[in-house]
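Novice: Please see the structure below; I have some questions.
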Amino acid sequence: MARRRWRRFIILCGFAILIANSNAPFAAEKAPFYQGKTLNIVINFAAGGPTDIESRIFAKHLSRHIPGNPTVTIQAMGGGGGLTAVNYIGEVAKADGFTAAYFTGSLFQHQIKDPALRVDLGKFGFVTGVHGVTVSYIRSDVAPGMKKPADFLKAQKFRAAGLGVSSSKDVRFRLSFDLLGLKYDYVTGYNNSSDARLAVQRGEAQYHDETLPAYRTQVEPNMVKTGMVIPLYYTDLVAPSGEILVSRDVPELLPFTYFYREMFGKPPSGIKYEALKAANMSSTNMTRMVLLPPKVPAESIAILRKAFDGLSKDQDFLQEAIAAMRFQPRFEVGDAGERLFKQASQASPEVVNFLRKYIDEANR
């Protein structure tokens, strides 16, 4: 009797194993998260600007690095100095992994606790950062005449075109001017760099600065080579140690700190310089960021991190990016990128208070 029961038990166990094994292939055939889906990437400045140029090249190549090969679309949502889209992603966009963001300058707004930023950027899903320098340029007809970068120190009063008093671009160039001891009129409120560039071309303003994609594709061929403007220097890349790094992408110019030291024989210092370094950490080291809305599935963050890591090594993408933007996009990926993201957002209270006061004074 006991043997028959034991035999029956063994047979039942065998059936259970067969059933489990027969179901295993079906469990392994789970469709990829993004298969048959569309990944919509929202950018925070208008179409036609450098953020848009970059994002569309990324979108063209990104899909093949995502399991399931989803359709990747770009949605431009300008306004509010770039914050309209940031608030949208944090307040309105579904946290389903199918809406992502490609933002410029938003980490600076988080850093300074901008009241127009209604969401906590630190709670967004971090995918990757893209660092890149910004090149400053000025019309060559600014008195007494601009022929080389050193002439900038002799410039008589000029008009600088900005995007908004609390934008990282405006704050950084104003701090740079103050450190150099320049006199200038500050004209802000342009919707994007394309509009500000047009103002310089028309003579409504004399100064602006732009990230490399726009500088290489728009400013250099149409304004530098024609003699309308001269390039001056580029924004500092600040290492976690505080060291200023030299960009491999702009060998013909100096970073701001090196330019200052060459002009004055010593490095800049003081609270304005500390504020400039903090702003560059959040806005040059992390010029752009790919983020997902708060509370997205962890799976989508992991998939997109891996996808951008793959994209950074994709020779077809790199060749097209270099051909179109004339520089190589450099990604801050994975855990290292997230550590940099957190460090860039944590300026000292002294620096944050100074920056808030500095911005408030520009509003008066």
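Novice: So which helices (runs of 4 or more DSSP H) stay within the stretch 286-364 end to end and still have 3 or more residues that are closer than 30 Å to Leu175 by Cβ and of a type outside the set (D, E, K, R)?
Specialist: Working: elements: 298-311, 315-325, 334-344, 349-363.
Result: 334-344, 349-363.
Novice: Contact list please: Cβ distance under 7 Å, first residue in the stretch 335-363 and surrounded by 12 or more Cβ atoms within 10 Å (Cβ to Cβ), second residue basic (Lys, Arg) and not in a helix (DSSP H, G or I), pairs at least six apart or on different chains.
Specialist: Matching pairs, first to second residue: Val352/Lys113.
Novice: For the stretch 229-245, enumerate the residues that are closer than 24 Å to Arg174 by Cβ and in contact (Cβ under 8 Å) with a residue 12 or more places away in the chain.
Specialist: Scanning the stretch 229-245 gives Val229, Ile230, Pro231, Leu232, Tyr233, Tyr234, Thr235, Asp236, Leu237, Val238, Gly242, Ile244.
Novice: Quickly run through the stretch 225-243 and pick out the residues that are surrounded by fewer than 18 Cβ atoms within 10 Å (Cβ to Cβ) and either more than 14 Å from Ser140 (Cβ to Cβ) or hydrophobic (A, V, I, L, M, F, W, C) (or both).
Specialist: Filtering the stretch 225-243 for residues surrounded by fewer than 18 Cβ atoms within 10 Å (Cβ to Cβ) gives 225-228, 239-243.
The answer is Met228, Ala239, Pro240, Ser241, Gly242, Glu243.
Novice: I've got another one for you. I'd like to know if the stretch 79-87 contains one or more residues that are surrounded by 24 or more Cβ atoms within 10 Å (Cβ to Cβ) and modelled with pLDDT under 95.
Specialist: Step one: filter the stretch 79-87 for residues surrounded by 24 or more Cβ atoms within 10 Å (Cβ to Cβ), giving 81-82, 85-86.
Now drop any that are not modelled with pLDDT under 95, which leaves 81-82.
Scanning the stretch 79-87 turns up at least one residue that is surrounded by 24 or more Cβ atoms within 10 Å (Cβ to Cβ) and modelled with pLDDT under 95.
Novice: Give the residues of the stretch 303-316 that are over 15 Å from Asn69 (Cβ atoms) and surrounded by 14 or more Cβ atoms within 10 Å (Cβ to Cβ), sorted by residue number.
Specialist: Matches in the stretch 303-316: Arg305, Phe308, Asp309, Ser312.
Novice: While we're looking at this one, here's another question. When the residues of the stretch 125-142 are narrowed to those that are assigned to a loop (DSSP other than H, G, I, E, B) and at pLDDT 95 or above, which ends up most open to solvent (accessible area, probe 1.4 Å)?
Specialist: First, the residues of the stretch 125-142 that are assigned to a loop (DSSP other than H, G, I, E, B): 132-133, 140-142.
If we keep only those that are at pLDDT 95 or above too, we end up with 140-142.
Numbers: Ser140: 33, Asp141: 96, Val142: 9 Å².
Checked the stretch 125-142; the qualifying residue most open to solvent (accessible area, probe 1.4 Å) is Asp141.
Novice: Scan the stretch 131-150 for residues that are in contact (Cβ under 8 Å) with a residue 24 or more places away in the chain and over 18 Å from Lys225 (Cα atoms) and report the count.
Specialist: Selection size over the stretch 131-150: 5.
Novice: I'm trying to understand the selection: among the residues of the stretch 148-161, which are farther than 16 Å from Ala214 by Cβ and either under 17 Å from the mean Cα position of the chain (by Cα) or not in a loop (DSSP other than H, G, I, E, B) (or both)?
Specialist: Matches in the stretch 148-161: Pro149, Ala150, Asp151, Phe152, Leu153, Lys154, Phe158, Arg159, Ala160.
Novice: Separate question: Which one of these is closer than 17 Å to Ala199 by Cα and either in a loop (DSSP other than H, G, I, E, B) or open to solvent by 10 Å² or more (accessible area, probe 1.4 Å) (or both): Gly145, Gly122, Gly164?
Specialist: Working: Gly145 fails: closer than 17 Å to Ala199 by Cα; Gly122 fails: closer than 17 Å to Ala199 by Cα.
After ruling out the rest, the residue left standing is Gly164.
Novice: Looking only at the stretch 267-284, how many residues end up being open to solvent by 10 Å² or more (accessible area, probe 1.4 Å) and part of a helix (DSSP H, G or I)?
Specialist: So the count comes out to 7.
Novice: Would you mention how many residues in the stretch 50-97 are assigned to a helix (DSSP H, G or I) and closer than 27 Å to Lys169 by Cα?
Specialist: 22
Novice: Kindly evaluate Tyr215 against the criterion of being at pLDDT 95 or above, of a type in the set (Ser, Thr, Tyr) and outside any loop (DSSP other than H, G, I, E, B). If you could, list the steps in order and put the result at the bottom.
Specialist: Details: at pLDDT 95 or above: no; of a type in the set (Ser, Thr, Tyr): yes; outside any loop (DSSP other than H, G, I, E, B): yes.
No; evaluated as a whole, the condition is false for this residue.
Novice: Name the pairs: first residue in the stretch 65-82 and in contact (Cβ under 8 Å) with a residue 12 or more places away in the chain, second residue basic (Lys, Arg) and part of a loop (DSSP other than H, G, I, E, B), Cβ to Cβ under 8 Å, at least 6 apart or on different chains?
Specialist: Within 8 Å, the pairs are Gly68/Lys37; Pro70/Lys37; Thr71/Lys37.
Novice: State the number of residues belonging to the stretch 104-113 that are surrounded by fewer than 23 Cβ atoms within 10 Å (Cβ to Cβ) and either in a loop (DSSP other than H, G, I, E, B) or without any contact (Cβ under 8 Å) to a residue 12 or more places away in the chain (or both).
Specialist: Count: 1.
Novice: Given the conditions (1) of a type outside the set (Val, Ile, Thr); (2) surrounded by fewer than 15 Cβ atoms within 10 Å (Cβ to Cβ); (3) closer than 26 Å to Val200 by Cα; (4) touching a residue at least 60 places away in the same chain (Cβ under 8 Å), report the number of the one that Glu320 does not fulfil.
Specialist: Every condition holds for Glu320 apart from (3).
Novice: Only one residue in Ala101, Ala116, Ala46 is hydrophobic (A, V, I, L, M, F, W, C), closer than 30 Å to Ala278 by Cα, in a loop (DSSP other than H, G, I, E, B) and in contact with a helix residue (DSSP H, G or I) (Cβ under 6 Å, 6 or more places away or on another chain). Which one? Break it down into steps so the answer makes sense when it comes.
Specialist: Values: Ala101 fails: in a loop (DSSP other than H, G, I, E, B); Ala46 fails: in contact with a helix residue (DSSP H, G or I) (Cβ under 6 Å, 6 or more places away or on another chain).
The match here is Ala116.
The values are calculated or read from the model by the stated rules, or taken from the named source; none is laboratory data. No experiment lies behind these values; they were computed from the predicted model shown. Every residue, glycine as well, gets a Cβ built from its backbone with ideal geometry; the counts of neighbours run over all protein chains shown. To get the accessible areas, we keep the full protein, side chains included, count just its heavy atoms, and leave off ligands, DNA and RNA. Shrake-Rupley method; radii C 1.70, N 1.55, O 1.52, S 1.80 Å.
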